[in-house]
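Here is the structure we will look at.
The values are calculated or read from the model by the stated rules, or taken from the named source; none is laboratory data. Quick caveat, the model's predicted, so the values are computed rather than measured. Note that we place each Cβ from the backbone using ideal geometry, even for glycine, and neighbour counts take in every protein chain shown. Just so you know, the surface numbers come from the protein's heavy atoms only, side chains and all, with ligands and any DNA or RNA stripped out. Shrake-Rupley method; radii C 1.70, N 1.55, O 1.52, S 1.80 Å.
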Amino acid sequence: DRAGTKSMELDIPADLTVQGLKDKIASEYPKLKESMTSVLITINREYAFDEAVIPPNAELAMFPPVSGG
């Protein structure tokens, strides 16, 4: 909702890490900058750490933090 779209396609350089992607999104979509500090990202439906390299043609998903009880 904050980005103004349900999905997007991004051209990303080879060897970009998850952290690099977060930085890129924060730069290109200022409304998402705060969210990038705590978002969980999946690569091809598997959770990925910040140092993971994003492979070509990967499907990425972002999940905001949630709390429950």
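Here are the numbers for the structure shown:
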| read-out | value |
| --- | --- |
| Close pairs from the range 1-12: first over 14 Å from P55 (Cα atoms), partner open to solvent by less than 90 Å² (accessible area, probe 1.4 Å), Cβ under 7 Å, at least 6 apart | R2/L32; R2/S35; A3/Y29; A3/L32 |
| Restricting the range 57-69 to residues that are among the small types (G, A, S) and in a loop (DSSP other than H, G, I, E, B), the residue that is least open to solvent (accessible area, probe 1.4 Å) | A58 |
| Matching residues, the range 8-56, being assigned to a loop (DSSP other than H, G, I, E, B), modelled with pLDDT of 95 or more, under 24 Å from V66 (Cα atoms) and out of contact with any Ser or Thr (no Cβ under 8 Å at 6 or more places or on another chain) | N44, R45, F49 |
